[in-house]
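Below is one structure, written out as structure tokens; comments come after it.
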Amino acid sequence: HSLRQLVWQGLKHYPTKALFQFLYDPDVIVRSATARELQIRGGKRVFEETIRLLSNDSKNIRELAAFILGQLGTPKRPFKAKSTKVLLQLLDSETNATVRATAICSLGSLHATRAARRIVSFAKDRSAAVRGSVAFAVGMIYCERSALIPGSPWRLLHKLRKDSSRE
């Protein structure tokens, strides 16, 4: 916990443009703290650079980009609509299960009600991480009264809860 706090405090002294280099750091603590700092800073520059990262060859970088989009500009999330659109496009093309799972969680964090049907379509994904992300996202989206999740979200969550995977 102390190391995470120290890294996060140190990142605050860097200009936004310089932070992106730390997403490539071999240490997961540095990468995740950087992603969180970028989420908090938000802004058009962070959004645009994060979009570029989604086409990176590294699955780790694409995962971080999807994560950043899920809470960019917290707490107001001024890029919610644009981030939702981009994350939905990512789901159409992404082959890596971890990146798909993160994109789905990010859609849940955004309370992206218009993405509900697409998220539900991953409830039978072969990846346990993706199925778990669907459960998270459905729970988050259903909290929004306007969500239109096909069928009963409670039935879907109950089914996912009984998933055979320990993940």
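Figure note: His1, His111 ranked by solvent-accessible area, largest first, 1.4 Å probe, ligands and nucleic acids not counted: His1, His111.
Which pairs in the list Lys17/Lys76; Lys17/Lys159; Lys85/Lys124; Lys17/Lys124 are over 32 Å apart, alpha-carbon to alpha-carbon?
On the way: Lys17/Lys76 22 Å; Lys17/Lys159 44 Å; Lys85/Lys124 22 Å; Lys17/Lys124 39 Å.
Violating the 32 Å limit, Cα to Cα: Lys17/Lys159; Lys17/Lys124.
For a protection proxy built on the mean count of beta-carbon atoms within 10 angstrom, sort 10-23, 112-125 highest first, please. If you can, show how the numbers build up before the last one.
Numbers: 10-23: 13.7, 112-125: 18.0.
For the peptides 10-23, 112-125, the packing ranking is 112-125, 10-23.
Over the range 1-160, what relative contact order in percent results from Cα pairs under 8 Å that are six or more residues apart? Relative contact order, the range 1-160: 15 percent. When the surface is traced with a 1.4 Å probe over the full set of protein chains, Phe136 keeps roughly 90 Å² accessible. As a fraction of the 1.4 Å probe accessible area of the range 1-134, surface on carbon and sulfur atoms comes out at 53 percent. At the residue level, Asp25 shows approximately 40 square angstrom of accessible surface with a 1.4 angstrom probe and all protein chains present. In the chain, the longest principal axis of the Cα atoms and the axis of helix 28-41 are about 90 degrees apart. For the range 54-93, the square roots a ≥ b ≥ c of the C-alpha gyration tensor eigenvalues yield an a/c of 1.5 or more together with a/b not exceeding b/c, which makes the shape oblate.
In cubic angstrom, how much convex hull volume per residue do the alpha carbon atoms of the range 11-121 span? Mind showing how you got there, number by number?
Numbers: hull volume 10.2 nm³, N = 111.
Dividing the Cα hull volume of the range 11-121 by its residue count gives 92 Å³.
Shape index of the range 1-64: Rg/Rh, with Rg the Cα radius of gyration and Rh the Kirkwood radius from the inverse mean 1/r over Cα pairs, equals 0.95.
Taking the C-alpha atoms only, the angle from helix 80-93 to the longest principal axis of the chain is near 70 degrees.
Calculated mean residue ellipticity at 222 nm for the chain: -19000 deg cm²/dmol, from DSSP H runs with n ≥ 4 weighted as -39500 (n - 2.57), summed, divided by the residue count and rounded to 500.
Over all other residues within a Cβ to Cβ distance under 12 Å of Lys162, the charged ones net out to +3, with Lys and Arg as +1 and Asp and Glu as -1.
Partner lysines whose Cα lies under 18 Å from the Cα of Lys82, excluding those fewer than 8 positions away in the same chain, are identified as Lys44.
The values are calculated or read from the model by the stated rules, or taken from the named source; none is laboratory data. Only a predicted model underlies this, so the values are computations on that prediction, with no experimental measurement involved. Please note: Cβ atoms are built from the backbone with ideal geometry, for glycine as well, and neighbour counts cover all protein chains shown. Accessible surface areas use protein heavy atoms only, side chains included; no ligands, DNA or RNA. Shrake-Rupley method; radii C 1.70, N 1.55, O 1.52, S 1.80 Å.
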